[in-house]
Amino acid sequence: MRILVLGAGFGGLELSTKLSAELGGDADIVLIDQSDGFVFGFSKLDVMFGKTLPDAVFHPYGDIDKPGLRFVRTTIRSIDPEALRVETDSGVFDADIMVIALGADLDPSATPGLVESGHEFYTVPGAFALREVLSDFAGGHVVVGVTSTPFKCPPAPSETALLMHDYLTRRGIREDSSISLVMPLGSPIPPSPAASEALLVAFADRDIAWHPDRLVESLDPQRKVVVFGDGSEMPYDLFLGVPRHLVPSVVADAGLTVDGWVPVDPHNLETAFPNVYAVGDVTSVGTPKAGVFAEGQASVVAEQIVRRVRGGPEPATYDGHGICYLEFGHDLVARVDVTFLSGQAPVGALDGPSQAIAADKIDFGTSRIRRWFDRTWVGG
Ligand SMILES: Cc1cc2nc3c(=O)[nH]c(=O)nc-3n(C[C@H](O)[C@H](O)[C@H](O)COP(=O)(O)OP(=O)(O)OC[C@H]3O[C@@H](n4cnc5c(N)ncnc54)[C@H](O)[C@@H]3O)c2cc1C
């Protein structure tokens, strides 16, 4: 059985690891990614706020060495979901089963003024470059804002505002600065009223101004103001933005999308094309765009594929469950345990924040690196 896994992010790594563990040499698994290595989303914040260095959070794909699994570093140029074939810079690959785990692309240039006079903290280069930008910042009005919906890891802008407070305090320039968090949502984490309430209290305690229901439309570099979708404006000295998200063009060109993302059966992650699955941020499955959900979906697809090779009972369907860690600053982390089931309102419970959960979060990262790359990572 030839299995093509497109994209070695959270979803693709989990899927190919599980398939290798279950099928070993009985399958021919090819994992394709255009990058040299993997970086956790949360590591971007760690680097940007000076907690660690870029090299310490970069996990090279060259380290992957698992039975039945071959990693190919190349760019996918076209996908034919009917013929189960992809064209890449390294030639053509054919499959019996294909899984699309290509994530969401980010386009900072889609927001006028963002590249010229603001910064984005969602791409690896953007977040890593901010390390220097922040260390040169002399104080002023910091605005954290979002330019499009849906966007990955909806708690990340709130975490950024809280970590910014700690960072400016540590540098002794908090009193010369103000922080505004502008979100396109009515509350910081809509599926969890308890987490939203705790965040609003934390913002108030730290004098972080919270502005709900506003989407950034553009930045005016001359006047140094952020312009929002409702026409209102806000001056800034330092703007940190979540850039526009969109499906990778190779996925759109393949005719796999409806309303911008890949629709899938929410129970088993099958696309409209036979033998083609999609997992993670590239889909419109109904969960937030976050690694934990990509991982859970990958696990369900792995079980489906293993059953097709080995037989056995029908595997469990996708349960929409995930645990999101939430940085509160002051070295404390909370946990939001949330389930998204189609047709039902999501339910999210809050635990913490505490130091014990901060330790759990480190374990979350290190355990994935052990499983996916067979190596020890100290985390953080
Ligand atoms: C600041 C920040 C903090 C975050 N914190 C968390 C967190 O704490 N917890 C959490 O669960 N999630 C978090 N996330 C979200 C998380 O990073 C993503 O949701 C997750 O990585 C999605 O997994 P995925 O497999 O769908 O896609 P990705 O991990 O994005 O992987 C997609 C892969 O496809 C590859 N690719 C794309 N196009 C091509 C092509 N044409 N050819 C070859 N390869 C290609 C890319 O190189 C990439 O490696 C955070 C994100 C950010 C930005």
**OP:** Under 10 Å from the Cβ of A101, count the other residues' Cβ atoms, weight Lys and Arg +1, Asp and Glu -1, and hand me the total.
**Re:** -3
Original post:
In percent, how large is the relative contact order of the range 107-245, given Cα pairs closer than 8 Å and 6 or more residues apart?
Top reply: 39
Original post:
If the cut-off is 12 Å between C-alpha atoms, which aspartates and glutamates fall inside it for K224, apart from same-chain ones fewer than 8 positions away?
Top reply: E116, E233, D237
Subject >> Candidate lysines for bridging to K152, where Cα separation is under 21 Å - those fewer than 8 sequence places away on the same chain excluded >> reply: K44, K289, K361
Original post:
Order of 84-92, 33-41, 182-190 by packing, highest average Cβ count within 10 Å first?
Top reply: 182-190, 33-41, 84-92
Subject >> Semi-axis lengths (Å, descending) of the ellipsoid that matches the C-alpha gyration tensor of the range 10-50 >> reply: 29, 11, 6
Original post:
Once the mean 1/r over all distinct Cα pairs of the range 180-254 is inverted, what Kirkwood radius in angstroms do you read off?
Top reply: 14.4
Original post:
Expressed as a whole number of Å, what is the distance separating the alpha-carbon centroids of the range 82-120 and the range 216-258?
Top reply: 18
Original post:
Mind checking Rg over Rh on the chain, alpha carbons, Kirkwood formula for Rh?
Top reply: 0.97
Original post:
Expressed as an acute angle from 0 to 90° and rounded to the nearest 10, what is the orientation of the C-alpha long axis of helix 355-373 relative to the principal long axis of the chain?
Top reply: 30
Subject >> DSSP-defined beta bridges in the chain - what % are antiparallel, rounded to 5 >> reply: 50
**OP:** Could you let me know the centre-to-centre spacing of the range 150-210 and the range 38-68, using Cα atoms, in angstrom?
**Re:** 25
**OP:** Using a cut-off of 9 Å between beta-carbons, work out the net charge of the residues near P112 (Lys and Arg +1, Asp and Glu -1, P112 not included).
**Re:** -3
Subject >> the range 107-245 pair-distance distribution - Cα-Cα, 5 Å bins, rounded % >> reply: 2, 10, 22, 24, 22, 15, 5, 0, 0
Subject >> All lysines inside 25 Å of K66 as judged from Cα atoms, apart from same-chain residues fewer than 8 positions distant >> reply: K18
Original post:
With N residues in the range 82-127, what two-decimal value do you get for its Cα radius of gyration over 2.2 N^0.38 Å?
Top reply: 1.78
Subject >> Counted charge near Q34, where neighbours are those whose Cβ lies closer than 14 Å (Asp, Glu -1; Lys, Arg +1) >> reply: -3
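The range 267-376: Rg/Rh from Cα coordinates, Kirkwood Rh?
Rounded to two decimals, Rg/Rh equals 1.03.
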**OP:** Using packing as a proxy for protection, rank 238-250, 218-230 so that the peptide with the highest average count of other Cβ atoms within 10 Å comes first.
**Re:** 238-250, 218-230
Subject >> the range 14-139, relative contact order [Cα under 8 Å, separation at least 6], % >> reply: 26
Subject >> the chain: relative contact order in percent, alpha carbon pairs under 8 Å with at least 6 residues between >> reply: 19
**OP:** Could you work out, for the range 23-179, what percent of all Cα-Cα pairs fall into each 5 Å distance bin, beginning at 0 Å and stopping at the bin that holds the largest distance?
**Re:** 2, 7, 14, 16, 16, 13, 10, 8, 6, 4, 3, 1, 0
Subject >> the range 226-295 pair-distance distribution - Cα-Cα, 5 Å bins, rounded % >> reply: 3, 14, 20, 19, 11, 9, 11, 7, 4, 1, 0
Subject >> Antiparallel DSSP beta bridges within the range 107-245, percent to nearest 5 >> reply: 35
Subject >> C-alpha long axis of helix 156-170 to longest principal axis of the chain, angle in ° >> reply: 50
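Just so you know, all these numbers are worked out from the coordinates, no wet-lab data involved. Note that this is a predicted model, so its numbers are computed, not measured. Virtual Cβ from ideal backbone geometry, glycine too; neighbours counted across all protein chains shown.
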